[in-house]
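To keep things clear, I will list the structure first and then write my remarks on it.
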Amino acid sequence: MKYSLVISALLIALGLSACDKPTVVTPATVITVPVPGPAGPTGATGSTGATGSSGAAGNVGAAGGTGATGDTGATGNTGATGDTGAAGDKGSKGNTGAKGPATGDTVVIVPAR
């Protein structure tokens, strides 16, 4: 078993190395690009353009008419007067209370301090 693993590893390494193709390297082409120099002085300012003419003013519109006044509504009817209620009965007179005894004694209550 040990030998079979070693042999299969060698066969895989040989098989992979046989497929290796060399890469062709081509030299890079050198392109020369000119570098711009410093900027020149600023040019003179241009003149201002002419002002355009104003347009004509539009006409004023006519005033609208006043609307008609609405009609006044009719007055409602007066309601009927209600009936007078009946008078209540007179209550009966109560009984006279009993008279207490006339002893003539006066009771004085002294408040506690």
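Worth a mention:
- Full-stretch length increase - THR96, ILE109 - with 0.36 nm per residue and alpha-carbon distance subtracted: 1.6 nm
- Furthest towards positive pole of dipole, GLY58, PRO38, THR48, structure part the chain, Cβ charges: PRO38
- Among (1) 0.93; (2) 1.77; (3) 1.04, the entry that matches Rg/Rh (Cα atoms, Kirkwood Rh) as calculated here: (2)
- If you run the Gaussian network model on the chain, springs between alpha carbon atoms under 10 Å, then out of THR23, THR42, THR69 the most flexible one is THR23.
- About the Cα centre, charge dipole magnitude for the chain (Lys/Arg +1, Asp/Glu -1 at Cβ), debye: 640 debye
- Springs join every pair of Cα atoms under 10 Å in this Gaussian network model of the chain, and among ALA80, ALA13, ALA62 the largest mean-square fluctuation is at ALA13.
- Helix 2-18 axis versus longest C-alpha principal axis of the chain: approximately 80°, rounded to the nearest ten.
- Once both labels are positioned 7 Å from their Cα atoms along Cα-to-Cβ, the gap between LEU16 and THR69 label points is 11.2 nm.
- Rolling a 1.4 Å probe across the protein heavy atoms gives the chain an accessible surface of 110 Å² per residue.
- Rounded percent of accessible protein surface that carbon and sulfur make up, the chain, 1.4 Å probe: 58 percent
- Rounded FRET efficiency, nearest 0.05, which uses the C-beta distance separating ILE7 from VAL30 and R0 of 41 Å: 0.20
The values are calculated or read from the model by the stated rules, or taken from the named source; none is laboratory data. As the structure is a computational prediction, the values presented were derived from the model and not from experiment. Cβ: placed from backbone, ideal geometry, glycine included. Neighbour counts: every protein chain shown. These area figures cover heavy atoms from the full protein model, side chains too; ligands, DNA and RNA do not enter into them. Shrake-Rupley method; radii C 1.70, N 1.55, O 1.52, S 1.80 Å.
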